[in-house]
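Student: Below you'll find the structure I mean.
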Amino acid sequence: MSVIIVILAAVFVSVIPIYWVLVTSFSLDVDLMKTSHSWFPPRPTVKNYRDALGIGQGMYSVASQVKVTLFNSTVISFSVTGITLILAIMAAYAIERLRVPLRGYVSFFVLLTQMLPPIILVIPIYLSLARFGMLDRKVSLTFIYIALNLPFAIWIISSYFRRLPISVEEAAIIDGCSHVRVLWNILVPMSKPAIFTSGIFVFLSAWNEFIIALVLTSSLKAKTLPISISEFMGRFYTNYPLMCAAGIVSMVPPIIFAALFQNFLIEGLAKGAVKE
């Protein structure tokens, strides 16, 4: 019984902020003080969603900015996820199955890089990109996010590879399979839970990243959705309902992505993909 109470309390604490954002997104700005005293908006409206997603009046209108930055976030997040998974699968196979010298130390240093707070890398990354004229570009954010998320993906996938029986791979190699075919035709299908689990984590990390995108982007060419949402906050006035509507919109792609692959996520976590 106590476990159920703890679970319900955890669900309540997790859901209430999201519910409050949802209620605020359907409220009028003038009703915001009333909404804070009620569980429901006094005069529900979809005006904020129309403003966030409707046809804008110009390049720098609210709707245009949200659409462009939503597109940028989608392109960057899916690119980061796809490229990171491909590189992580090959690196994990090399670490766990090939005779790589000092592979134990390689695994340790891969994990060690994940302990480095990204904030301390912002200034060196900014100066390096500025020297090569690569600031304010989606491709720059893509490569940086790949570099930051790759160690974590390698760690998850290599941990899963380590648990798989090697006898199947040895039989395939004896029959004439190359390491490339063994990897993509045998190991990858057997490791879907770990691959999709790491893919979800990488996608969410790239989708929600804020500090690096804030420093490295200055125009709609590369700005991501979190940056666009933060710009709703002004010095003297903040349109909270519109900001909450944009926040709800930003939650839709990750929710769809996680819902599609939740079975693999649960299976991956259950089999200890992130425990080792």
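Student: If Rh is defined by the Kirkwood formula over all Cα pairs and Rg also comes from Cα, what ratio Rg/Rh do you get for the chain? Intermediate values should be presented prior to the final figure.
Tutor: Working: Rg = 22.4 Å, Rh = 21.4 Å.
That ratio equals 1.05.
Student: Could you tell me which trypsin sites (Lys or Arg not before Pro) in the range 211-263 are loop residues by DSSP with no more than 11 other beta carbons within 10 angstrom of their beta carbon?
Tutor: Numbers: sites: LYS221, LYS223, ARG235; in loops: LYS221, LYS223, ARG235.
Of the trypsin sites (Lys or Arg not before Pro), the ones in loops of the range 211-263 whose Cβ has at most 11 other Cβ atoms within 10 Å are LYS221, ARG235.
Student: Next up: Straight-line reach from LYS47: which aspartates and glutamates have a Cα under 15 Å away, not including same-chain ones fewer than 8 places off?
Tutor: Filter leaves ASP29, ASP31.
Student: Also, quick follow-up: Using the basic label-point model (7 angstrom from Cα toward the beta carbon), what is the PHE109 to ILE16 distance in nanometres?
Tutor: Reported label-point gap for PHE109 and ILE16 is 4.8 nm.
Student: May I ask you to compute the full-extension gain from THR74 to TYR237, defined as 0.36 nm times their residue separation minus their alpha-carbon distance, rounded to one decimal in nm? Please report the intermediate quantities before stating the final value.
Tutor: Numbers: separation 163, 0.36 × 163 = 58.68 nm, distance 2.90 nm.
Separation in residues times 0.36 nm, less the Cα-Cα distance, equals 55.8 nm.
Student: How large is the charge dipole for the chain, taken about the Cα centre, if only the Cβ atoms of Lys, Arg (+1) and Asp, Glu (-1) carry charge, to the nearest 20 debye? Don't jump to the answer; show the numbers that get you there.
Tutor: On the way: 20 positive and 12 negative charges, 54 e Å.
Charge dipole, the chain, about its Cα centre: 260 debye, nearest 20.
Student: Give me the one-decimal nm value for the distance between modelled label points at VAL6 and CYS177, 7 Å along each residue's Cα-to-Cβ direction.
Tutor: My value for the distance between the label points is 4.3 nm.
Student: Taking the solvent-accessible surface of protein heavy atoms with a 1.4 Å probe, what is the per residue accessible area of the range 88-237 in Å²?
Tutor: Working: 8210 Å² over 150 residues.
For the range 88-237, the per-residue accessible area is 55 Å².
Student: Can I ask one more? Rounded, prolate or oblate for the range 145-214? Axes are the square roots of the Cα gyration tensor eigenvalues, ordered a ≥ b ≥ c, and the cut-off for rounded is a/c under 1.5.
Tutor: In terms of gyration-tensor shape, prolate.
Student: Restricting everything to alpha-carbon atoms, can you work out Rg to Rh for the range 1-48 with a Kirkwood hydrodynamic radius?
Tutor: On the way: Rg = 13.9 Å, Rh = 11.9 Å.
Checking Rg against Rh, the ratio lands at 1.17.
Student: What is the mean projected area of the alpha carbon convex hull for the range 141-276, to one decimal in square nanometres?
Tutor: Directional mean of the projected Cα hull area for the range 141-276 stands at 10.7 nm².
The values are calculated or read from the model by the stated rules, or taken from the named source; none is laboratory data. Keep in mind the model is a prediction, meaning the values are calculated, not measured. Ideal geometry is used to build each Cβ from the backbone, glycine not excepted, and the neighbour counts take in all protein chains shown. Just the protein is used for accessible areas: all its heavy atoms, side chains included, with ligands, DNA and RNA removed. Shrake-Rupley method; radii C 1.70, N 1.55, O 1.52, S 1.80 Å.
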